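First the structure, in the form of structure tokens, and then the observations on it.
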Amino acid sequence: MKCLFTLMLIVVMSISSCKKEGTQAPDNQHDPSTLQTEKLTAGTWQTQSVKIDNVDHTGLFTGFAITFTESGYTTENGGVIFPASGTWKFKDDQATTVVLDDSLELNIMSLDDKQFVFSLEWDQTTYERMTSLEGEHVFTMKM
């Protein structure tokens, strides 16, 4: 009798510990690209500061702003580096790099609902109508 009781207890515990299908959260709720897209597309990002090779050059990007949609973006005062509009996507499933127009890579350093910090490598110095400087650019943007 004791053996039968133990066996029934094991069966009941085994059945109750099984997870039912459909009780888990959908995968896309924890998908990095979904989470990052929600943050990026929440509004317009305004320049707070810009450093090029650790030197403050915020003045070169006065009034720079970028707005992301699900697959596109628009900018204001983007200078030579950022076109007025285009498309974007993540480089991979980890969503740590945004690729603009299949060429310019923005490496996400931090992203939350109030601040977006990214870096990019720019390999041109121009002194035409719009100035750009070669080097590692770090943009701190605020919502």
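Just for the stretch 55-70: of the residues that are among the small types (Gly, Ala, Ser) and either in a strand (DSSP E or B) or at pLDDT 95 or above (or both), which one is farthest from Ala42 (Cα to Cα)? Explain how you work it out, then say what you get.
Quick first cut of the stretch 55-70, residues among the small types (Gly, Ala, Ser) only: 59, 63, 65.
Checking the rest, the ones that are also either in a strand (DSSP E or B) or at pLDDT 95 or above (or both) come to 63, 65.
Details: Gly63: 19, Ala65: 13 Å.
This residue is Gly63.
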On the basis of being touching a residue at least 24 places away in the same chain (Cβ under 8 Å), surrounded by 15 or more Cβ atoms within 10 Å (Cβ to Cβ) and polar (S, T, N, Q), does Thr97 make the cut?
no
Does the stretch 122-141 contain any residue that is within 15 Å of the chain's Cα centre (by Cα), surrounded by fewer than 13 Cβ atoms within 10 Å (Cβ to Cβ) and modelled with pLDDT of 95 or more?
no
Determine if the stretch 80-94 includes at least one residue that is at pLDDT below 95 and under 14 Å from Phe139 (Cα atoms).
yes
If a residue must be more than 11 Å from Val138 (Cα to Cα) and free of Cβ contacts under 8 Å to residues at least 40 places away in the same chain, how many such residues does the stretch 32-63 contain?
6
Out of the stretch 101-118, which residues are more than 12 Å from the chain's Cα centre (by Cα) and surrounded by 12 or more Cβ atoms within 10 Å (Cβ to Cβ)?
Asp101, Leu104
What number goes with the only condition from (1) part of a loop (DSSP other than H, G, I, E, B); (2) without any contact (Cβ under 8 Å) to a residue 24 or more places away in the chain; (3) farther than 18 Å from Thr62 by Cβ that Gly78 does not pass?
(3)
Breaking point among (1) modelled with pLDDT under 95; (2) within 19 Å of Val117 (Cβ to Cβ), for Thr75
(1)
Does any residue of the stretch 101-109 turn out to be in contact with a Phe, Trp or Tyr (Cβ under 9 Å, 6 or more places away or on another chain) and without any contact (Cβ under 8 Å) to a residue 12 or more places away in the chain?
no
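If a residue has to be in contact with a strand residue (DSSP E or B) (Cβ under 7 Å, 6 or more places away or on another chain) and surrounded by fewer than 15 Cβ atoms within 10 Å (Cβ to Cβ) to count, how many in the stretch 57-76 make the cut?
Going through the stretch 57-76 one residue at a time, the tally reaches 4.
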Give just the number: which of (1) at pLDDT 75 or above; (2) farther than 19 Å from Val98 by Cα; (3) out of contact with any helix residue (DSSP H, G or I) (no Cβ under 9 Å at 6 or more places or on another chain) does Glu21 not satisfy?
(1)
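The values are calculated or read from the model by the stated rules, or taken from the named source; none is laboratory data. These figures come from a predicted structure and were not determined experimentally. Please note: Cβ atoms are built from the backbone with ideal geometry, for glycine as well, and neighbour counts cover all protein chains shown.
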